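Q: I am attaching a structure below and will ask some questions about it afterwards.
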Amino acid sequence: MFGFEGENAREKVIVLFTMCFALGMAMLDNTVVNVALPTISRELGAGVSELQWIVDGYVLVFASLLLTGGIAGDRYGRKKVFLTGLVVFTLASALCGLSQSTTQLIAARAFQGVGAALLMPGTLSIITVTFPPHERAKAIGLWAGMSGVALALGPTVGGLMVERLGWQSVFFLNVPIGIVAVVTASRTVRESVSEVTRELDIPGLLLGSGALFSATYALIEANELGWSDPLIVGMLVASAVLTVSFLLFERQSPKAMLPLRFFRIPAFSAGATVAFSVSFGMFATFFFMSLYMQLIRGYSAFQAGVRFLPMTVLIIVTAPNAGRYASKHGSRIPMTFGLLLAGTGLLLLSRISIETPYLLMAPVFAIMGIGIGATMAPMTAAVMNAVGPERAGLGSATTNSAREVGGVFGIALLGTILTTRLNTVLAPALAPLGLAPATQASIETTAGHGTLDPSQLAGLPVEQRGAVVAAFRESWMNGFRLSLLVAGLVLLIAAVVANRFIPGRAHAREVTAAARVGDASALEVS
């Protein structure tokens, strides 16, 4: 069945699909909310900083707890921790849909992140222990492909649901899926624990989470408070101190949740770097292009989502083929090729204007879809092969942590670049319009957060109102272009890293030979 062998082939397929659907649910929430952001902004009165927190509140908690979730599954039972995460995620999704304020929604999104961090590592580690070595690459390829598909489908699915059912529906969608996944997994997944016993690393968790939160807070809130504000400076200093403390502690701790020795394995380090970089660029693309299409171009949520289809379709087509190619020929070529395409696509998007026809953007989305699809599965396979099946939880959690941290910083840092550049350009653009000083100051304050409040324009003459809107849109585009330029450069640097450090064809042949004889030790890259 589906090319899998043995008497339990049907059971293995059911487990694989259950893990893929659970993964898809968690990954879908990374991007599905993006096209709902302008609607949430209007209905809940959220500025860009709050919109960043709605996205990053989920991703931040997700990233902070992923390594702990992987360790908990390896130690206390992968099925048990996976099911716990699935229940928490499903409940939190319902709370997101029921939220009546931005604060409630951000809190519920953070709760969602807890559930995702518990269930996500289990999806890959359960697959790793369910499938024998010679079938594992194919199963992981399907798993990684689902990850890319879920991320890619987010804007289109979200746009349709927001337009027809309201923004709450993008969260309520998870509830029936979660219930079915809990029932199916309870019946089909076998419990397993790692033979290598690991303890929970609470000090490491607190230090790492504190460092990540401090940096994210500073990046997002600097737009409102200013870079010289004592709180922002203090959070940046705290982030630096906590990061150094985390690395020092993890280096000497016998129960480190992130054993730094694994970063001596070139494929492991390069894979984590690529995971960070591809999410840095991908999250930025969905977040900022969704705002561009709706705030600047005036598309509806569904119209915006549909315009991502060239990227979506080509991720779906490319991802599984890239996984199969990587299992035979190594991950280096598809990862390098994919990152070059995705980075080039972002550089091309950084040149668009307010009037750029969609027909010119569609081929760029297609190029990026091929690039992202070619990167995702080979990237995961490279990391998992580097650590071996006994460290499946660690490999899965590290890959996904790097990916989620990349998403956090992609939205936080690039969002700050956008709004900082917007503020720099907007004031001179408004100066010649003859606005009253108080009116101009008020417009600059509200628009500086990334959105233009219509109430600020209500008392202005029609021509002056149009000139203010035009100045805001052009200033916004100035920051938008700079943000995508930075994201594109990050992906091109990641392409160089992949080409230099990811194993190629020779290692792929060694892995295949080792898998056939069950020699897991040969999976490590020396």
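The values are calculated or read from the model by the stated rules, or taken from the named source; none is laboratory data. Given the structure is predicted, the values throughout are model-derived calculations rather than measurements. We place every Cβ from the backbone using ideal geometry, glycine too, and count neighbours over all the protein chains shown. Just so you know, the surface numbers come from the protein's heavy atoms only, side chains and all, with ligands and any DNA or RNA stripped out. Shrake-Rupley method; radii C 1.70, N 1.55, O 1.52, S 1.80 Å.
Q: Which whole-Hz couplings ³J(HN,Hα) result when phi for each residue of the stretch 430-437 is put into the Karplus expression 6.51 cos²θ - 1.76 cosθ + 1.60, θ = phi - 60°, listed in order with x for Gly and Pro?
A: Coupling constants for the stretch 430-437: 7, 3, x, 7, x, 6, 4, x Hz.
Q: Related question: Within the P(r) computed for the chain, what percentage of the Cα pairs occupies the region above 30 Å?
A: Distances greater than 30 Å cover 46 percent of the Cα pairs.
Q: In the structure displayed, which of LYS12/LYS80; LYS80/LYS255; LYS12/LYS79; LYS255/LYS328 lie more than 25 Å apart, Cα to Cα?
A: Result: LYS255/LYS328 exceed 25 Å.
Q: Right, another one. For VAL129, tell me the accessible area in Å² from a 1.4 Å probe, rounded to the nearest 10.
A: 70 Å²
Q: Packing-wise, with mean Cβ within 10 Å as the measure, how do 282-293, 297-308, 434-445 rank, highest first?
A: So the peptides 282-293, 297-308, 434-445, ranked by packing, come out 282-293, 297-308, 434-445.
Q: Now a separate question. For ARG164 and ARG264, FRET efficiency with R0 = 60 Å and r from the beta-carbon atoms, rounded to 0.05?
A: FRET efficiency, ARG264 to ARG164: 0.70.
Q: Using a 1.4 Å probe on the protein heavy atoms, what percent of the accessible area of the chain belongs to carbon and sulfur?
A: C and S fraction of accessible area: 65 percent.
Q: Starting from the Cα-Cα distance between ARG297 and LEU248, subtract it from 0.36 nm times their residue separation and give me the gain in nm to one decimal.
A: 12.8 nm
Q: On C-alpha positions alone, give me the angle between the axis of helix 48-76 and the longest principal axis of the chain, in degrees, nearest 10.
A: Its long axis makes an angle of about 10 degrees.
Q: Full extension from TRP227 to GLN464: what is 0.36 nm times the residue separation minus their Cα-Cα distance, to one decimal in nm?
A: 82.1 nm
Q: For the chain, find the longest principal axis of its Cα atoms and tell me its angle to the long axis of helix 266-291, 0 to 90°, nearest 10.
A: Roughly 30 degrees, rounded to the nearest 10.
Q: Sorted by accessible area (1.4 Å probe), largest first, how do LYS255, LYS80, LYS12, LYS328 line up?
A: LYS328, LYS80, LYS255, LYS12
Q: Taking the full set of protein chains and a 1.4 angstrom probe, give the accessible area of TRP227 in square angstrom, rounded to the nearest 10.
A: Per-residue accessible area (TRP227): approximately 120 Å².
Q: Using the heavy atoms of the protein chains and a 1.4 angstrom probe, tell me the accessible area per residue for the stretch 290-357 in square angstrom.
A: Per-residue value: 40 Å².
Q: To test your reading of the geometry: what angle, between 0 and 90 degrees and rounded to tens, separates the Cα axis of helix 230-252 from the longest principal axis of the chain?
A: The angle comes out at about 10 degrees.
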